[in-house]
Amino acid sequence: MKINLTENWETDFDEQSTMEYPTLMSETFGYAISSTSPAEQLRKELCMNHPLLESEFTLFAVPKDNPNEFIFSTSDERYPLIFVHLTWNEQKEEGFPRIEKVEIA
């Protein structure tokens, strides 16, 4: 997946602000979010056989229009940058979360 960061992505952001939408939704619909960051949530959503299970993640970019999608840098050299849509659900499902390797255009 090629992404042009200048079009719809922010690389200069306050990580705390990335938790505002998930927190609001959890309060509105009555479920708890125990994560304090998108990277922590990503680790919680990884299924047991996920190729990035042992990786470390750093939030790299956030979109301007979807508070559930993120680009992370990883410690896995096969996937230096990944795109992921978080569900904010701590239930681990086989094959999730789906990731896409990112190339910066």
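All of the numbers you see were taken from the coordinates with simple rules; none came from a lab. Given the structure is predicted, the values throughout are model-derived calculations rather than measurements. Cβ sites come from the backbone with ideal geometry, for glycine too, and all protein chains shown count toward neighbours.
Which ones in the stretch 85-102 are closer than 18 Å to residue 18 by Cα and touching a strand residue (DSSP E or B) at 6+ places or on another chain (Cβ under 9 Å)? Quick ask: steps written out before the conclusion?
Initial filter on the stretch 85-102 (closer than 18 Å to residue 18 by Cα): 85-90.
Matches in the stretch 85-102: 85, 86.
Looking only at the stretch 91-98, decide whether some residue is more than 21 Å from residue 33 (Cβ to Cβ), surrounded by fewer than 16 Cβ atoms within 10 Å (Cβ to Cβ) and either in contact (Cβ under 8 Å) with a residue 60 or more places away in the chain or aromatic (Phe, Trp, Tyr) (or both).
Step one: list which residues in the stretch 91-98 are more than 21 Å from residue 33 (Cβ to Cβ), which gives 94-95.
Restricting the remaining residues to those that are surrounded by fewer than 16 Cβ atoms within 10 Å (Cβ to Cβ) gives 94-95.
With the extra rule that they be either in contact (Cβ under 8 Å) with a residue 60 or more places away in the chain or aromatic (Phe, Trp, Tyr) (or both), the set shrinks to none.
Taking every residue of the stretch 91-98 in turn, none turns out to be more than 21 Å from residue 33 (Cβ to Cβ), surrounded by fewer than 16 Cβ atoms within 10 Å (Cβ to Cβ) and either in contact (Cβ under 8 Å) with a residue 60 or more places away in the chain or aromatic (Phe, Trp, Tyr) (or both).
Considering only the stretch 22-51, state which residues are of a type in the set (Gly, Ala, Ser) and farther than 15 Å from residue 99 by Cα. Write out each step before concluding.
The first filter runs over the stretch 22-51 and keeps only residues of a type in the set (Gly, Ala, Ser), leaving 26, 30, 32, 34-35, 37, 39.
Residues satisfying the conditions are 26, 30, 32, 34, 35, 37.
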Counted residues, the stretch 26-50 - those being part of a helix (DSSP H, G or I), of a type outside the set (Gly, Ala, Ser) and either touching a Gly at 6+ places or on another chain (Cβ under 6 Å) or within 16 Å of residue 62 (Cβ to Cβ) (or both): 4
Contacts under 6 angstrom Cβ, first residue in the stretch 48-72 being free of Cβ contacts under 8 Å to residues at least 12 places away in the same chain, partner assigned to a loop (DSSP other than H, G, I, E, B), 6 or more apart: 53/46
Enumeration of residues in the stretch 32-47 that are free of Cβ contacts under 8 Å to residues at least 40 places away in the same chain and either surrounded by fewer than 12 Cβ atoms within 10 Å (Cβ to Cβ) or more than 16 Å from the chain's Cα centre (by Cα) (or both): 32, 36
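So, of the residues in the stretch 1-19 that are without any contact (Cβ under 8 Å) to a residue 24 or more places away in the chain and either under 15 Å from the mean Cα position of the chain (by Cα) or outside any helix (DSSP H, G or I) (or both), which turns out to be surrounded by the most Cβ atoms within 10 Å (Cβ to Cβ)?
If we take residues in the stretch 1-19 being without any contact (Cβ under 8 Å) to a residue 24 or more places away in the chain and either under 15 Å from the mean Cα position of the chain (by Cα) or outside any helix (DSSP H, G or I) (or both), then 19 is surrounded by the most Cβ atoms within 10 Å (Cβ to Cβ).
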Positions within the stretch 59-80 being crowded, with 18+ Cβ neighbours inside 10 Å and over 24 Å from residue 20 (Cβ atoms), in sequence order: 74
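If I ask for residues that are over 11 Å from residue 82 (Cα atoms) and not in a strand (DSSP E or B), which ones from the stretch 51-71 would you list?
Let us first name the residues in the stretch 51-71 that are over 11 Å from residue 82 (Cα atoms), namely 51, 53-56, 62-68.
Passing the criteria: 51, 53, 54, 55, 56, 64, 65, 66, 67, 68.
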Boolean, residue 23 is part of a helix (DSSP H, G or I), of a type outside the set (D, E, K, R) and free of Cβ contacts under 8 Å to residues at least 40 places away in the same chain: yes
